[in-house]
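J.: This is the structure I want to talk about, given as C-alpha cells.
The values are calculated or read from the model by the stated rules, or taken from the named source; none is laboratory data. From a predicted model like this one, the values you see are computed outputs, not experimental measurements. Cβ placement follows ideal geometry from the backbone for every residue including glycine, while neighbour counts extend to all protein chains displayed. Quick note on the areas: whole protein, heavy atoms, side chains included, nothing else; ligands and nucleic acids left out. Shrake-Rupley method; radii C 1.70, N 1.55, O 1.52, S 1.80 Å.
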Amino acid sequence: MNTPGASSPPLRSPEQAPEDPVLSTDVSESPVQEDATPPPPRGGARRGPDAAMGGLLGSLRSGARPATEQVLAFLTFLSLGIGVGLVLGWATGHDPGVILGNLFEGSIGSSISLGYMLTAAAPLLLVAVGAVICMRAGQFNIGQEGQVTLGAIGAGFVVFHVDASGPVTIVLAFAGAALAGAGWALLAALLKFGRGVDIVVSSLLLVFLAEQLLTALISGDGPLHDDGDGVLGGGTASQSPRVPEKAMLPTIHILGVDVPLAFVLALVAAVLVAWFLASAHAGYRLRILGQNPAVAGTIGISAPRLGSLAVAASGAFAGAAGAAILMGQSFQLNPGVSSSIGWSGLLIALAARTNAAVSVLLALVFGAMVAGGGLLGGDGIPVDIVNVITAAIVVALLCPPVLLAAVRRRRIRRSVEA
Amino acid sequence: MAPALRMAGITKHFNGVPACFDVDFEVAPGEIHGLLGQNGAGKSTLMNILLGLVRPERGEVTLAGEPAVIRDPNVARALGVRMVHQHYSLIPTLSVWENVVLSGEGRVDRDRTIAQIEEVSERFGLEVSPRAMVGDLSVGEQQRVELVTCLIDRPRLLVLDEPTAVLTRQESRSLFTMLRRLVDQDGCSVVLISHNLAEITAVAHRATVMRGGRVVSRVIPAETPVAELARHMIGRDLPGTADVAAAIGADPAPVAAEPAGPAPVPAGPGDAEPVLRIVGATATHEGTRALDALDLEIRAGEIVGVAGVEGNGQQWLSALLAGSLSLQDGEVRVHGQRVPVGRPGSTRRAGVGVVPEDRKTSGCILDMSVADNLALAGLKSLSRAGVVSRRKLHSLAERLVEEFDIAVASVDQPMRSLSGGNQQKVVLAREMSAGPAVLVLAQPTRGLDVGAVADLHERMRQAAAAGVAVLLISSDLNEIMQLSDRIAVIYRGRIQGELARAEADPEKLGLLMGGVSA
C-alpha cells in the first residue's frame, strides 16, 4: 500500500534520512491513511530522548554544527577506527605496536615521511572536493576513477606533446586534465538529463571505458605510447614515456617540510569550495538543488543546467587529480595509473558527509595510510592490513549516524503505535 | 439468503479521530453496491478493514453468513474478497502474465497462467494480451490486468476503488458492462467506491452514503434524485455566509455586501481585467490526464476557491502555477502576459506565489535554516557580486519572523525542527513577502491547529484586500465557503462549474463535485 514510485534516490547519506524528529507523530504518511483523517496537533514537546538523539545526529550532520565539534567527533571516530583495525591486525597475528609504529613512522615520523603523506593526500583531496560539489548538488556522480584517468590522459597529451617551459607546461597540463575530466563527467550528465540514464550507472560504466581508452592510447601506435628510445626491450609495454623533469611538480619548503605543490593546490581548492558552498549565491543554488529539486524548480533553478555544471565541476577536480598523479607521483602513464584514487577520493567525500573541511582531515588520514603502509612490508606485515585499518576507519566514521538514525526510527515507530 | 457481506458496528480511530464510527454496511449477493462519500468520509478505511489492511477496534465482519476474521489481505483473498485499488500495484517492467503470477500462489507456470488469463478475458470481454509488457499498456488496459488478476481467483466479492477516475468515457462504459456480466453470470457482488453520482445512479443497485466516518443514508440510486444524493454526500451543515462571518468574528457588513458588488476590494469582480487567466489548460502526466481544458480567471482582490473531491487535478493546477507542469494545450497569462509554464521559475518571475500542498517536500528545505528558507526566493537581491550577504539575509529573516509571528528560537534553527504550523507560516511569509500578483494556496490549513488556521485565513483576506488575486485550492468545503468570493469546482482536470458564494449550496456543490453540471 505504499505509494508506488516513492523511491529514494540512491546513495543517500544517513543525514539526509527523511525522518522528522519533531513531527514524528504525523500520521499523514502512515500507509493506511488514504482516507485522510486530519493529522493530530503538532509541535509541542521538543525535549526528551528523541530530541537528544536528534541533536547528537545533528552534530554529525554536515554544516549543522560548528567546525570544532565536527573535528572532535571526527577524531573520536578516527581513533576508534584505528583501534578496531589494530585489533583485527592483532587477531591475525601481527603486533599492533609494530603496525602503529610503522604507520606513524611512514607518515608523520619525519619531514620526508610528511612529504610522502602530503603527496599521497593531494590527489585524494582533489577528488574528494569535486565529489563534495556534485553530491551537494544531489548529483550522484561516482565515476571519479574514470575522470581521474581522463585527467591523467589530458595531462599526458600536454606533457608529452606540448613544447613549453616547465611552469607553462604544468599550468597547461592541469587545465587539460580538468577539461578532460569535466568532459568525461559531462557525458554522464548529458545521458542523465538528455536520456534519463541514472548517473550512478552511467558514470560508473564510464570508468571502464576510460580504462580502455587509456590502454589504447598508451599501447602500440597510440599517441602516448612509449617508443622506448632504443632501450633494450623498450617500446613493447603499454606505457607512456617518463614525464620530463621540467614537468615534475615542484615542492614548496614550509617549516622544514617539502610540501608538494599539488597538496597546496588541493588545500586551496578545498577552502574555496567550502566557502563557495556556504556563501556564494551559486553555492546556495547548488545546495538548494541538492536538498530539494522540487523547490529548486519553483525558484527558477534549472536542474539540467546546474546539475550538469556540478557534475562537470566534480569531473574537473578529479581530472586535476589525474594531473597531480602523473606529474607528482607516477611520472608515467600506465594502465593502472589512477590506482583507485578516484574510488578512495569518493569514499573520503562520502565518509566526510560531503563536508569539504572534514574531507581535508580524512584525505590526510588516507594519505598517511598510503605513506605509512609502505613501511609495513619491511617488518613482514602484509600491506593489506592498511586497507583493513582504512576500512575500519570509514566504518567507524559512518556507523554512528546510521545506528543513531536506526534507533531513532524505531523510537518514532513505537511512539506512533502507542 | 444471507447477505454476501455484512459489516456491523465497525469502529476505527486514527490518533483519536474517528475514521469509521459504528458503521453498518451490507452487500447483497449478486449486486453492485455503490459506496459514496467525500474524502475523509471513511470509505477507504472501511474497505481497508474488509481487506485486512487495517484492524478495526470494534465490529464484526460476516461473509455469506459466516463470521470472518480478516487479519491480512491473504486471508481476504482466501475468503474470496479482492480489491482493485485506485493506484495499481503492477510492475511495469514485467509482462502481463508475470504480473498475474506475482499475485498468486504456488509454482510459476507460464502456459497455465496464460491460458487462465485468456479464459477470463474471453468470458468477461476484457481484452488483455498476456505477453504484453505492462509498462507499454494504457491506464485502461492496466486496469483490465488488475481486474483479470482478481477474477482469475473467482472472487465472490470484488471491491473497486474509484475505477473510472482515470478512464475515458468509452472505457468506463465497457467496465460497467463487464461488471454487470460479473454479477449476473457469476453471482459475484461488487462494491463500487465512487464520488461520481451519475455513475452510481446508472450502475449501482443500492448505495450507501458515508460522511465523517458514519453511514448517513442507504438508498436505491435509480429511485433517488441525484440532487438528494449530493446533499447526503456533502451534508447540510455548510456554513452560510452570515454564519461564517459571525463564527470567525469578522465584520459581517462587507461580507454580506459582497454579492451586491464592490465591497472592500479595489477592483470589483467583473469589470477588471483578470490578473490570472488560465485558458484551456490541458496536460497529461505519465500517460494519465492531469488537466483537461481547464479555464480559470482571477481578478485582483478576489479570493477564488477551487473545490472538488481530491485527486481531480488539484495538485496539477497547483503544479501548473508553480511552474513545474508543462501544458500540451492552452496557456497561462498573468496581467495579460503569457507565461512559459513548465520552465523552472517561470511563474514566479511572472508574479505568482505558491504555497504548495505538501510544504515539506515542495515548499521548503527541511535541512536548511529558517532564515535560508525565508530568503530562498530572493537570494539574488540579497547578494552582491555573487556572494550572499549573511547580514541582509538575517535582517530579512528577522523581519519576516516578526511580521508573520513565526515561533522560532533563532532564525538559524533548522526548518526541520519547526512545527507544521510554523513551517507553513515560513512558506507563506516567503511567498507573500515577494509581493506576488497572484497567491496560490493549496490545502493550506491541512494539519494546522485552530489558531493557526484563523491566523492564516486572516492573512489571506488581508492579501486579497491589498489587491492580490488569491487562489485557494482546498478539499475543505467549510474553508472554501468561508473565504471565497467565487467557487470553482474541479472535476477530472477541468472546471465543472463556478458559483458565486451567495448561490453556493450543498446540493449545487455536490452535483458539480460529482461531475454533474448544475
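J.: Quick one: B:GLY59 ticks every box in (1) farther than 27 Å from B:VAL183 by Cβ; (2) of a type outside the set (D, E, K, R); (3) surrounded by fewer than 24 Cβ atoms within 10 Å (Cβ to Cβ) except a single one, so which number is it?
T.: Only one criterion in (1) farther than 27 Å from B:VAL183 by Cβ; (2) of a type outside the set (D, E, K, R); (3) surrounded by fewer than 24 Cβ atoms within 10 Å (Cβ to Cβ) is unmet by B:GLY59, namely (1).
J.: Within segment B:288-296, is there a residue that is open to solvent by 50 Å² or more (accessible area, probe 1.4 Å) and within 14 Å of another protein chain (Cβ to nearest Cβ)?
T.: The answer is no, given that none of the residues of segment B:288-296 is open to solvent by 50 Å² or more (accessible area, probe 1.4 Å) and within 14 Å of another protein chain (Cβ to nearest Cβ).
J.: Okay, next question. For residues in segment A:296-320 being β-branched (Val, Ile, Thr) and in contact with a Leu (Cβ under 7 Å, 6 or more places away or on another chain), which is farthest from A:ALA356 (Cα to Cα)? Break it down into steps so the answer makes sense when it comes.
T.: Pass one, segment A:296-320, residues β-branched (Val, Ile, Thr): A:298-299, A:301, A:311.
The next check asks that each one be in contact with a Leu (Cβ under 7 Å, 6 or more places away or on another chain); those that pass are A:299, A:301, A:311.
On the way: A:ILE299: 26, A:ILE301: 23, A:VAL311: 16 Å.
In this case the residue turns out to be A:ILE299.
J.: Ok, one more. Would you mention how many residues in segment B:151-167 are of a type outside the set (A, V, I, L, M) and either at pLDDT 90 or above or out of contact with any strand residue (DSSP E or B) (no Cβ under 9 Å at 6 or more places or on another chain) (or both)? Explain how you work it out, then say what you get.
T.: Taking segment B:151-167 first, the residues of a type outside the set (A, V, I, L, M) are B:153-156, B:161-164.
Now narrow it down to the ones that are either at pLDDT 90 or above or out of contact with any strand residue (DSSP E or B) (no Cβ under 9 Å at 6 or more places or on another chain) (or both): B:154-156.
Counting residues in segment B:151-167 that are of a type outside the set (A, V, I, L, M) and either at pLDDT 90 or above or out of contact with any strand residue (DSSP E or B) (no Cβ under 9 Å at 6 or more places or on another chain) (or both) gives 3.
J.: May I pose another question? Hey, can you tell me all the residues within segment B:485-518 that are assigned to a strand (DSSP E or B), touching a Ser or Thr at 6+ places or on another chain (Cβ under 8 Å) and either among the hydrophobic types (A, V, I, L, M, F, W, C) or open to solvent by 20 Å² or more (accessible area, probe 1.4 Å) (or both)? Give the derivation first.
T.: In the first step, residues of segment B:485-518 are kept if they are assigned to a strand (DSSP E or B); the result is B:486-491, B:494-500.
Add one more test, that the residue is touching a Ser or Thr at 6+ places or on another chain (Cβ under 8 Å), and what stays is B:496-497.
Once the filter is applied, which keeps residues that are assigned to a strand (DSSP E or B), touching a Ser or Thr at 6+ places or on another chain (Cβ under 8 Å) and either among the hydrophobic types (A, V, I, L, M, F, W, C) or open to solvent by 20 Å² or more (accessible area, probe 1.4 Å) (or both), segment B:485-518 yields only B:GLN496.
J.: Would you pick out the residues in segment B:393-408 that are part of a loop (DSSP other than H, G, I, E, B), farther than 20 Å from A:ASN292 by Cβ and either at pLDDT 90 or above or within 12 Å of chain A (Cβ to nearest Cβ) (or both)?
T.: Just the residues of segment B:393-408 that are part of a loop (DSSP other than H, G, I, E, B), to begin with: B:404-408.
Among the residues that remain, those that are also farther than 20 Å from A:ASN292 by Cβ are: B:404-405, B:407.
The one that is part of a loop (DSSP other than H, G, I, E, B), farther than 20 Å from A:ASN292 by Cβ and either at pLDDT 90 or above or within 12 Å of chain A (Cβ to nearest Cβ) (or both): B:ALA407.
J.: Please determine whether any residue of segment B:431-449 is open to solvent by 40 Å² or more (accessible area, probe 1.4 Å), free of Cβ contacts under 8 Å to residues at least 60 places away in the same chain and of a type outside the set (Gly, Ala, Ser).
T.: Yes, that holds for at least one residue.
J.: Do the conditions hold for B:THR177, that is, is it surrounded by 18 or more Cβ atoms within 10 Å (Cβ to Cβ) and either touching an Asp or Glu at 6+ places or on another chain (Cβ under 9 Å) or not in a loop (DSSP other than H, G, I, E, B) (or both)? I'd like the intermediate steps shown before the answer.
T.: On the way: surrounded by 18 or more Cβ atoms within 10 Å (Cβ to Cβ): no; either touching an Asp or Glu at 6+ places or on another chain (Cβ under 9 Å) or not in a loop (DSSP other than H, G, I, E, B) (or both): yes.
Judged against the criteria, B:THR177 is not a match.
J.: Could I ask something else about it? If you go through segment B:372-384 one residue at a time, do you hit one that is at pLDDT 85 or above, in a loop (DSSP other than H, G, I, E, B) and within 12 Å of another protein chain (Cβ to nearest Cβ)?
T.: Within segment B:372-384 (the criterion being at pLDDT 85 or above, in a loop (DSSP other than H, G, I, E, B) and within 12 Å of another protein chain (Cβ to nearest Cβ)), the answer is no, since none of the residues qualifies.
J.: Tally time: how many residues in segment B:327-371 are in a strand (DSSP E or B), open to solvent by less than 10 Å² (accessible area, probe 1.4 Å) and within 8 Å of another protein chain (Cβ to nearest Cβ)?
T.: 0
J.: Kindly provide the set of residues from segment B:492-502 that are at pLDDT below 90 and closer than 19 Å to B:MET233 by Cβ, ordered by number.
T.: B:ARG492
J.: Yes or no: segment A:110-129 includes at least one residue that is in a loop (DSSP other than H, G, I, E, B), at negative phi, at pLDDT below 95 and open to solvent by 10 Å² or more (accessible area, probe 1.4 Å).
T.: Step one: filter segment A:110-129 for residues in a loop (DSSP other than H, G, I, E, B), giving A:110.
When the remaining residues are screened for being at negative phi, the result is A:110.
Narrowing the set further to residues that are at pLDDT below 95 leaves A:110.
So of that shortlist, the ones also open to solvent by 10 Å² or more (accessible area, probe 1.4 Å) come out as A:110.
Yes: segment A:110-129 contains one or more residues that are in a loop (DSSP other than H, G, I, E, B), at negative phi, at pLDDT below 95 and open to solvent by 10 Å² or more (accessible area, probe 1.4 Å).
J.: Identify all residues within segment B:1-24 that are more than 13 Å from chain A (Cβ to nearest Cβ) and open to solvent by 40 Å² or more (accessible area, probe 1.4 Å); write none if there are none.
T.: If the condition is that a residue be more than 13 Å from chain A (Cβ to nearest Cβ) and open to solvent by 40 Å² or more (accessible area, probe 1.4 Å), then B:MET1, B:ALA2, B:ARG6, B:ASP22, B:ASP24 are the ones that fit.
J.: For segment A:369-385, give me each residue that is among the aliphatic types (A, V, I, L, M), part of a helix (DSSP H, G or I) and over 15 Å from A:ILE341 (Cβ atoms). Steps first, answer last, please.
T.: Within segment A:369-385, the subset among the aliphatic types (A, V, I, L, M) is A:369-371, A:375-376, A:381, A:383, A:385.
Okay, now just the ones that are also part of a helix (DSSP H, G or I), so A:369-371, A:375-376, A:385.
If the condition is that a residue be among the aliphatic types (A, V, I, L, M), part of a helix (DSSP H, G or I) and over 15 Å from A:ILE341 (Cβ atoms), then A:LEU375, A:LEU376, A:ILE385 are the ones that fit.
J.: Could you say which residue among B:GLY30, B:GLY37 is assigned by TED's automatic domain parsing to the domain that holds B:VAL100 and in contact with an Asp or Glu (Cβ under 8 Å, 6 or more places away or on another chain)? If you could, list the steps in order and put the result at the bottom.
T.: Working: B:GLY37 fails: in contact with an Asp or Glu (Cβ under 8 Å, 6 or more places away or on another chain).
Among B:GLY30, B:GLY37, only B:GLY30 is assigned by TED's automatic domain parsing to the domain that holds B:VAL100 and in contact with an Asp or Glu (Cβ under 8 Å, 6 or more places away or on another chain).
J.: So B:ARG390 ticks every box in (1) in contact with a strand residue (DSSP E or B) (Cβ under 9 Å, 6 or more places away or on another chain); (2) at the interface with another protein chain (Cβ under 8 Å from one of its Cβ atoms); (3) more than 15 Å from B:LEU366 (Cβ to Cβ); (4) open to solvent by 50 Å² or more (accessible area, probe 1.4 Å) but one. Which box is left unticked?
T.: For B:ARG390, the failing item is (1).
J.: Something else now. Would you point out the residue of segment B:467-484, among those that are of a type in the set (Ser, Thr, Tyr) and under 15 Å from B:GLY311 (Cα atoms), that is least open to solvent (accessible area, probe 1.4 Å)? Walk me through how you get there before you give the answer.
T.: Residues of segment B:467-484 of a type in the set (Ser, Thr, Tyr): B:474-475, B:484.
Narrowing the set further to residues that are under 15 Å from B:GLY311 (Cα atoms) leaves B:474-475.
On the way: B:SER474: 2, B:SER475: 31 Å².
Top of the filtered list is B:SER474.
J.: Taking B:VAL27 as the residue in question, decide whether it is of a type in the set (Val, Ile, Thr), on the phi < 0 side of the Ramachandran plot, away from chain A (no Cβ under 14 Å) and open to solvent by less than 30 Å² (accessible area, probe 1.4 Å).
T.: Numbers: of a type in the set (Val, Ile, Thr): yes; on the phi < 0 side of the Ramachandran plot: yes; away from chain A (no Cβ under 14 Å): yes; open to solvent by less than 30 Å² (accessible area, probe 1.4 Å): yes.
Answer is yes for this residue.
Each row is one residue, and each column tells you yes or no for (1) away from every other protein chain (no Cβ under 14 Å); (2) part of a helix (DSSP H, G or I); (3) closer than 30 Å to A:PHE77 by Cα; (4) open to solvent by 40 Å² or more (accessible area, probe 1.4 Å).
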site	(1), (2), (3), (4)
A:ARG285	no, yes, no, yes
A:VAL295	no, yes, no, no
A:PRO304	no, yes, no, yes
A:SER314	yes, yes, yes, no
A:ILE325	yes, yes, yes, no
A:GLY328	yes, yes, no, no
A:THR354	no, no, yes, no
A:VAL360	yes, yes, yes, no
A:ALA363	yes, yes, yes, no
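J.: Run B:ALA245 past the list (1) surrounded by 18 or more Cβ atoms within 10 Å (Cβ to Cβ); (2) modelled with pLDDT of 75 or more; (3) not charged (D, E, K, R) and report the number of the one that doesn't hold.
T.: (2)
J.: Could you go through segment B:140-156 and let me know if any residue there is touching a residue at least 40 places away in the same chain (Cβ under 8 Å), within 30 Å of B:ILE234 (Cα to Cα), crowded, with 17+ Cβ neighbours inside 10 Å and assigned by TED's automatic domain parsing to the domain that holds B:HIS85.
T.: Yes: segment B:140-156 contains one or more residues that are touching a residue at least 40 places away in the same chain (Cβ under 8 Å), within 30 Å of B:ILE234 (Cα to Cα), crowded, with 17+ Cβ neighbours inside 10 Å and assigned by TED's automatic domain parsing to the domain that holds B:HIS85.
J.: Conditions first: (1) surrounded by fewer than 17 Cβ atoms within 10 Å (Cβ to Cβ); (2) over 22 Å from B:GLY34 (Cβ atoms). B:ILE117 passes all but one, so which condition is the exception?
T.: (1)
J.: Further, regarding this structure: In segment A:209-226, which residues are part of a helix (DSSP H, G or I) and either open to solvent by less than 20 Å² (accessible area, probe 1.4 Å) or closer than 18 Å to A:LEU190 by Cα (or both)? So that I can check it myself, show each step before the final result.
T.: Restricting attention to segment A:209-226, the residues satisfying the condition of being part of a helix (DSSP H, G or I) are A:209-218.
Correct list: A:LEU209, A:ALA210, A:LEU214, A:ILE218.
J.: Among (1) open to solvent by 50 Å² or more (accessible area, probe 1.4 Å); (2) of a type outside the set (Ser, Thr, Tyr); (3) touching a Phe, Trp or Tyr at 6+ places or on another chain (Cβ under 7 Å), where does B:LEU46 come up short?
T.: Of everything listed in (1) open to solvent by 50 Å² or more (accessible area, probe 1.4 Å); (2) of a type outside the set (Ser, Thr, Tyr); (3) touching a Phe, Trp or Tyr at 6+ places or on another chain (Cβ under 7 Å), B:LEU46 misses just condition (1).
J.: If you don't mind, another one. Give me a count of the residues in segment B:106-144 that are in a helix (DSSP H, G or I) and of a type outside the set (Asp, Glu).
T.: Initial filter on segment B:106-144 (in a helix (DSSP H, G or I)): B:110-124, B:134-136, B:139-144.
In the following step, the residues that additionally are of a type outside the set (Asp, Glu) were identified as B:110, B:112-117, B:120-121, B:123-124, B:134-135, B:139-140, B:142-144.
Qualifying residue count, segment B:106-144: 18.
J.: Follow-up. Only one of (1) charged (D, E, K, R); (2) more than 16 Å from B:ARG154 (Cβ to Cβ); (3) out of contact with any Phe, Trp or Tyr (no Cβ under 7 Å at 6 or more places or on another chain) fails for B:GLU105. Which number is that?
T.: All conditions pass for B:GLU105, except number (2).
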